[in-house]
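Contents: one structure, followed by commentary.
A short reminder: the numbers here are calculations on the coordinates, not readings from a lab. What you see is a predicted model; the values in this text were computed from it and never measured. We place every Cβ from the backbone using ideal geometry, glycine too, and count neighbours over all the protein chains shown.
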Amino acid sequence: MKGHLENEKSSWITFIVIFASYTIVSMTKNTYSTAIATIVQEGLFTKANAGVINAGFYLLYSVAQLFGGVLIEKVPPFKMLIVGLAGALVTNVVMAVSNSYMVMLIAWTLNGLLQFGVWPVILKLTTTIVMPEHRQKSMSYLFFAYPLGGALSYLLAGVLLRFFSWPSLFWSSVITLGIMLLSVLWLMAYLNKKMVPGPEILPIELGDNKPEKAQAASPKSMSFFPMLFASGLIFLTVPALIRCMLDIGLKNWVPTMIMESYGVSPSFANLLTTVLIIVNLAGLFFVNWLYPKRCKSLTNAMGILFAACLPLLLLIVFTGKVHLFLVVIALALTTTFMTSFSQLINVIMPAAFSTQGKTGMIASFINSFGGLGVMLANYAYGLLADHFGWTITAVIWLILGIIAVIFSFMATPLWKRFTAENNA
C-alpha cells in the first residue's frame, strides 16, 4: 500500500485508528505488569522469578528492534501492525489459561518478539500516509497513546482485581486486541479506495537549526552506522535505556514497592500507579513548554529533564521512611519528566531522519535500547529488592539518573553539527 491521503476526513480517520492501535498495544503490553503484585502475593512466583517473565518479553523485543530495522523499512507497515496485534491476542489467551511458570515465560517472551515492529511502523505510517499538513500535529498526539494505554491497563486492573482474579486482566486484553485487529483490517480496505500515489517527505523543524522555510529537498544521504556517530545518537542510547528503567521499570514495580513499604492492598497500589500515568500526560505540555521555545537544543533539553529528576530520586530513596504522599509526588514528577524525554527521543528525534528515509529504522534502533532498559529493570529490580531491599534499589535509580545527565549533554555538539548539515 503506497501513497498518501489528500482527503482531510480520511487522514484523520487513519490517524485515529493508528492512535487507537498503539494505545491498545500499550495497554496490553502492561497486562502482566499489572498482575505481578497479585501473582507475588499469591505466592505463585517470587519477585525475582516474576521479573524474569517481563524481562523475557523485553529481551526479545529489544533484540528484534536492534536487528530488525531493515525489515521494518521493507515489510509493508500494516502487515507488521497486524502481526503485532494478532500475536499479542494469542499470547494473552495463553497467559490467561496457564499457571505454569515456564509456559507463561515462553508465551510472554514470544509476545515481545511479535510486537517489536509496532511502534516503528506506527511512526512510519504517521509520517507517510497521513496528510502532510496533519503530520506534525499527529506526532504530538501520538505522545498520548503510550501513557493512555498504561493508564487504562492500571485503571482496569484496579477495578477487575477487586472482583476477579488476575487471569481476568489477560482476558480483557484479548477482547480489546480482537476489536482493534478488526479495526485495522477495516482501515486497510478503506485506504485502498482513498490513497493517492506519491508519498511526501515530512518537513521537520528542529529547535537546534530551524530552517527558515521547510523544504522537501533531499539532504546528503548517509548510511546507517556513520549516521549514528555523526548525529550523536550513539551517546543517546544510554539515556534511552535509562529512561525506560526510570519510567516503565518504576511503574511496573511501584505496586509491589508501595505494598511492601506501606502495607496497602494490591488494588490500591495499582490505582496509585494509574494516578502516576494520568499525571504523566502533562509531560506533553511540559516538553512543548521546554523545547524548542526555552531550550533550543534537543539534546540539552534531554539533559535538563534528567537533571530535574535527581532530587526526586533522592527523595524516593527514603521510601517507607517518609509519608506515602511525598513518595507518590516524587514518582509522579519523575515519570512525567521521563515521559517528556520519551517525546523528544522516541518521536521528535526519529522524525528528524525522515528526509534520510530512515524514520522507522531509527525509531526501531532507539526503541531497542528502551526495551533493553525495561528488561533490565524488570529483572534487576526484583532481584535487588529481594536481596537488598527497596532503599538500595532506589539508590541505584539515583546513580542511573546521574549517568543519563552526563551522556545527554555529551551528544549535544554532534547533534548540533548533524542537524545544521541535514537542514543545509
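Taking only the alpha carbons of the stretch 43-184, we obtain Rg and Dmax values of 16.5, 53 Å in that order. All C-alpha to C-alpha distances of the stretch 12-105, sorted into 5 Å bins beginning at zero, yield P(r) values of 2, 11, 18, 23, 18, 13, 9, 5, 2, 0 percent in whole numbers. Under a model in which nothing but the beta-carbon of Lys, Arg (+1) and Asp, Glu (-1) is charged, the chain shows a dipole of about 600 debye around its Cα centre.
Against the chain, whose longest principal axis is taken from its Cα atoms, helix 359-388 shows a tilt of about 10°.
Summary value for the chain: 28 percent relative contact order, contacts being C-alpha pairs under 8 angstrom separated by 6+ residues.
Relative contact order, whole percent, for the stretch 1-156 stands at 44, derived from Cα pairs under 8 Å and 6 or more residues apart. Once you order the gyration tensor axes a ≥ b ≥ c over the Cα atoms, which shape class does the stretch 229-317 get: rounded for a/c under 1.5, otherwise prolate or oblate by comparing a/b with b/c? Cα axes put the stretch 229-317 in the prolate bin. On C-alpha positions alone, give me the angle between the axis of helix 47-67 and the longest principal axis of the chain, in degrees, nearest 10. The helix 47-67 is inclined about 10 degrees to the chain. Counting only Cα atoms, the size of the stretch 243-377 along its three principal axes is 53, 30, 21 Å, in decreasing order. Cα-Cα pairs above 17 Å in the stretch 45-97: how many percent? Cα-Cα pairs in the stretch 45-97 separated by more than 17 Å: 53 percent. Note: the stretch 101-172, Cα convex hull, 105 Å³ per residue. When only alpha carbons of the stretch 300-367 are considered, Rg and Dmax amount to 16.0, 52 Å. Taking the Cα centre of the stretch 293-424 as origin and assigning +1 to Lys and Arg Cβ atoms and -1 to Asp and Glu Cβ atoms, the resulting dipole is close to 440 debye. Counting only Cα atoms, the size of the chain along its three principal axes is 59, 46, 32 Å, in decreasing order.
Look at where the Cα atoms of the stretch 29-78 and of the stretch 79-96 average out, and the two centres are 13 Å apart.
Which of SER183, SER223, SER98 ends up with the largest GNM mean-square fluctuation for the chain, with Cα atoms connected below 10 Å? Greatest mean-square fluctuation among the candidates belongs to SER223.
Principal-axis analysis of the Cα atoms of the chain puts helix 390-410 at an angle of about 10° to the longest axis. Over the stretch 137-179, with a single point scatterer placed on each C-alpha, what log10 of the ratio I(q)/I(0) does the Debye formula yield at q = 0.14, 0.30, 0.32, 0.34 1/Å? Scattering profile of the stretch 137-179, log10 relative to I(0): -0.41, -1.02, -1.07, -1.10.
Note on the stretch 315-416: the C-alpha convex hull projects to 7.4 nm² when averaged across all orientations.
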